[in-house]
Each structure stands twice: as structure tokens, then as C-alpha cells.
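For reference, the structure discussed in these notes is given below.
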Amino acid sequence: MTLRKKLLIASISIISLFMFIIVLLVGIITSRIHHIYEQEQVTTQINQTRNLLNNELKSLDRLNLDYAAWDDTISFIEDKNDFYIQSNLTSETFLQNNIDHMIFINNRGQIVYVSQMDSEGKLIKNYIDSNWIDIYKLKKVLHSTEKINGLIKTPDGIMLLSAHPILNSQYEGPSNGTLIFTRKLDQKLVSELGNIIELDLSFFQDSPKKLSKQEVKQLENENLYIDEVSDTTIAGYSVLTDLKGDPLSYIEVKSERTIYKNGRMLILLNLLSFLVLVTIICTVLYFTFDKIFVSRILSLKRSIANIRSYDNNGNSVGSHGDDEIGHLAMQINDMLATLEKYNNKWKKRANFDSLTNLPNRGYLTKKMNDLISAEEEFAVFFMDLDGFKEVNDSYGHETGDILLQLVAERLKHIVREVDTVSRLGGDEFVLLVDMKRDKEQLRILADRVIKKLNEPYKINKIMITVSASVGIAQSPKHGTDYHSLIKVADEAMYIAKKAGKNNFHLLS
């Protein structure tokens, strides 16, 4: 046996053993990492679901407060007048707002009036099995700053509950009693919440039959249990508790094991890559020593080709030693890091206005399309600054740019976090406003925007004043896509301009 053959056999044996150990370690570590990532994914999905339930409770709270903080409700508690019932406690009120109970309790703990929607959609008045009200101690007088919300169990099923003290229209005490709203929590509502975050959600009033007693006990102790159902599906469970903190119902989240499948594919690719590498190294050692350098260069070339083929500028070609080839790899890594930096910068420019740092037209288009797809109701405020051209002409474009930045800052401080402020270009801005506000609130917001923007701006020791004309359209009333809504709001803005500027026009 020649020395070259001995060298080849020894090289193959040593490198094969080394690569086998590496593949084994990589497989174990990768599986563990993917398992951790799956756990985090399911935990995040459970938290998203619980947040949606909390948002549903907050929505019920806001609806309750609209009735509880009202002078007419105080009068109704005292005289139970028919006009209040005919105007507010109708089937339409219950159906439109998805309410199951409205219960009025005076400040002596007496039930004054009850309306509830039965399973057939009929409104039943002044009848209720009030045991659950006593169980959850809901007859107590609430302080003007108190409220109660959470989950309860009633003869009609599990409910979301909101209880507010009855106050005057200025939200001032003392409390004249308690107003209770409930909304049924069932599979239909849970499925609707799941559609919002694109998850498969299931609701169980009793412990899931899929779980053993020991698993249910672990779930109730830790409020989370994760079940690897199969190679393709993973499920997470969470406990929902009532006002007393007792387990009441269970939520299941199912999702595909994408991370697990990708991890198995990654291990297979690593194995194949290592086998190819063993073959290359052994072949190079067998032929000539100098080709070792060639193989390193080819390896570097393959790394660059892989990065380009996956269209990921942020990848690294890795380390290739401490000589000239290694230094070349380091320079390539530095170049890739720079490309990633500029890539992220251009991604941001694609969605945000470079002058005001507000979302731009592209971002706004996607946001509106998402809201329309989710059948969310919202209002579009189309704004144009009056007198902006004169500012540019008189003081220069640099002053005009600073003015646009100050306008953007004022707009961001006027709206809520759930609303969106964007700049289309020039002196045109658009607000997307949640339509949980009524028309009067939209008018109030528009008036506040106009007044705020009309306040003087101090730029380079110069006081500058501009005004705004605002057109307001509503979805889906005035359009069901981005272009039609923007066009209608723009037309409404021009109506406001023709009416004398520094004004708004809300389409009927």
C-alpha cells in the first residue's frame, strides 16, 4: 500500500469520524433549539389569544360606560320610565352590540330592571336567574372609580362581564347603582377572534378530553400546557378563570409545526453538506497539497453563491482562516454587513416618509387594505395645508420642510396609538381613525386637528401660521378600497377649501 493510499485512508477515517460527531452534535443542538422556539411560538400564540379576549372585555367596558355614565340612566334607575326602555333597551341594541344581559341595580343592591337575549334571539324583560349575581357579589355598590370585568358562569353559559357604577354624564359620582353588561363567550366568538390572528382556536367549557387528568392538573397549575400532537401539528392550552380566580374554561390553539419541519430539513441539509465537504477534502488531499488552497477559494465562492441564490444579503460566508484567504472572507463579511445595513435602510424608506418619518402612501395602502379585509370600520381624514405654498415662496423650502415636520409631530400627539398618521406627499396628510367613534366625535376630532394645526409655528425665530382643510370619508360607507376612499376624502377636502379653508367637511 502506497503512502498516498495510506494518507487517503487515514484522512477519510479521521475526517469521517470528525464529521459524524459534528453532525450528531448539530442534530441534537438543533432539535433542542427548535423545540424551544416551538414552545415560545405557542406561548406567544396563547398570549395573543388572551390579549384578544382582554380587548373584547375592554370593548364591552367601553360600551357599558357609554350607558352607565349618562344622566338618562340615573333617571331610569329612579323612575324606570318607558321612554328609556323603548329608546335604548331594544332588540336592535342587543343584536348590534352582541349583548346578552343588561342589568340595572340601584344603590341599595336591588335589581331595578333586566333585559336579556335568549337563544332564539328574542328579548326577555324583567326575568333572570340571579344566583350568579349573588355568587359573584355584583350587587355591592361600586365607587365612582371602580369597575368589575372578567369571566363568569351563568345558567346560559360562560359570559364576558362588565360592571360600572352609574354616574352622571360628566363621569362624576356619587354612584347611583350598578349597570351590568354580559356577552356570551362561546366557540363562535372564539373562532372570530382566531380569524383575526389567523389561528385555529377551540373553546372548551370543561377540561379537554384530549388531555389526561395529570395534564389538566399541570395546565391549571402553570396556566399553559403544550402538546406535540403529531409531526405536523402542535397545540397549546390555557385556562380561563372567573372573577373569583377559579378555573372556568379552556382555550386550545393549534398550529403547524413549521419550525420542526424546517429543523429536520436543516439537519438533512447539514448532513449532505458535511458529506460533500468530506469528499472534497479527501479528494484534494489525495491529489496535491497545493489544491488545498484552491478548495478553500471554491468553498468561499460557494458560500457567496448560496447567499446570492437565497437573496439574503445579511448572511455571512464564515471564517476561512487567518491568512490572505481568511482576510478576504472577513472583507466579504464586512461588505455583506454593510449591504444588510443599507438593505434595512431602503426597506424603511419603502414604508416611511424620509422627511417626517411618518408612514408613506405604500404603508397607508397596505394598512387600509388590511382593515378593509378584516371588515373593520374606520374614517379617513384627508388634510391639505392652506398657505403652505406661500411659506415655501416666502421663506424657502428648508423652512417649509421644518414646518411639515412640526405638523407631523402635532398630528401624532392628537390621535390615539390605534390610529394612523401618514403623509402622502407635499403638504397632504391622511389620518386613519377607528370608527368606534360616532359622527359627533369625528367632528370634534376634526375641529381639534384644525385648531391645533392653526396654532403658530416658531421656525428660525419666525412665527408662521398655516391652516388646514380636512375632508372625511368613512369605510365601508363611502368606499371599499384604498383608491375610492382616498378619492372621496380628497373631494370632501376640496369642498372644505371652497367653503373658506381652515374647515372640514364630513360626508353624510
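Let a ≥ b ≥ c be the square roots of the eigenvalues of the Cα gyration tensor of the chain; is it rounded (a/c under 1.5), or, if not, prolate (a/b larger than b/c) or oblate?
oblate
Work out the FRET efficiency for Glu172 and His35 from their Cβ-Cβ distance, taking R0 = 51 Å, and round it to the nearest 0.05.
Efficiency at R0 = 51 Å is approximately 0.40.
Could you tell me which helices of the chain pass both thresholds, a Cα extent of 20 Å or more along their own axis and a mean Kyte-Doolittle hydropathy of at least 1.6, with helices taken as whole DSSP H runs?
Once both thresholds are applied, what remains is 258-287.
For Asn97 and Glu222, what is the calculated FRET efficiency with R₀ set at 30 Å and r taken between the beta-carbons, to the nearest 0.05?
FRET efficiency, Asn97 to Glu222: 0.25.
Which value, in debye to the nearest 20, gives the size of the charge dipole of the chain about its Cα centre, when Lys and Arg are +1 and Asp and Glu are -1 at the Cβ?
The dipole of the chain has a size of about 1680 debye.
Could you list His164, His327, His478, His413 in order of exposure, starting from the residue whose Cβ has the fewest other Cβ atoms within 10 Å?
His413, His327, His478, His164
How far apart, in nm, are the 7 Å Cα→Cβ label points at Ser316 and Ser508?
Those two pseudo-labels are separated by 6.7 nm.
Kindly identify segment 125-193 as rounded, prolate or oblate by the Cα gyration tensor criterion: order the square roots of the eigenvalues as a ≥ b ≥ c, call it rounded if a/c is under 1.5, otherwise compare a/b with b/c, prolate if a/b is larger, else oblate.
Note, shape of segment 125-193 comes out prolate.
In terms of the Cα gyration tensor, with a ≥ b ≥ c the square roots of its eigenvalues, is segment 69-185 rounded because a/c is under 1.5, prolate because a/b exceeds b/c, or oblate?
oblate
In which sequence would Leu271, Leu432 go, from the one with the fewest C-beta neighbours within 10 Å to the one with the most?
If I rank by nearby Cβ atoms, fewest first, I get Leu271, Leu432.
Just subtract the alpha-carbon distance of Ile414 and Asn107 from 0.36 nm times their residue separation and send over the number in nm, one decimal.
Answer, rounded to one decimal: 106.7 nm.
If you find the alpha carbon centre of segment 104-143 and of segment 424-444, how far apart are they in angstrom?
Centre-to-centre (Cα) distance: 38 Å.
For segment 135-236, what is the number of Lys pairs with C-alpha distance below 21 angstrom, counting only pairs 8 or more positions apart or on separate chains?
Counting lysine pairs in segment 135-236 gives 15.
Test of understanding: what is the full-extension gain from Arg264 to Asn54, defined as 0.36 nm times their sequence separation minus their Cα-Cα distance?
Value of the extension gain: 71.9 nm.
How high is the FRET efficiency from Leu24 to Asp200, r the C-beta distance, R0 45 Å, rounded to 0.05?
With a Förster radius of 45 Å, E is 0.80.
What spacing in nm lies between the two simple spin-label points modelled at Asn369 and Asn47, each 7 Å away from Cα in the Cβ direction?
Result: 3.0 nm between the two label points.
Could you list Ile74, Ile158, Ile472 in order of exposure, starting from the residue whose Cβ has the fewest other Cβ atoms within 10 Å?
The order, fewest Cβ neighbours first, is Ile74, Ile158, Ile472.
Using 0.36 nm per residue of separation minus the Cα-Cα distance, give me the extension gain between Thr465 and Asp231 in nm, one decimal.
Length difference between fully extended and current span is 77.8 nm.
Each reported figure results from applying straightforward, stated rules to the coordinates on display, with no laboratory input. Not measured: the values here are computed from a predicted model. Please note: Cβ atoms are built from the backbone with ideal geometry, for glycine as well, and neighbour counts cover all protein chains shown.
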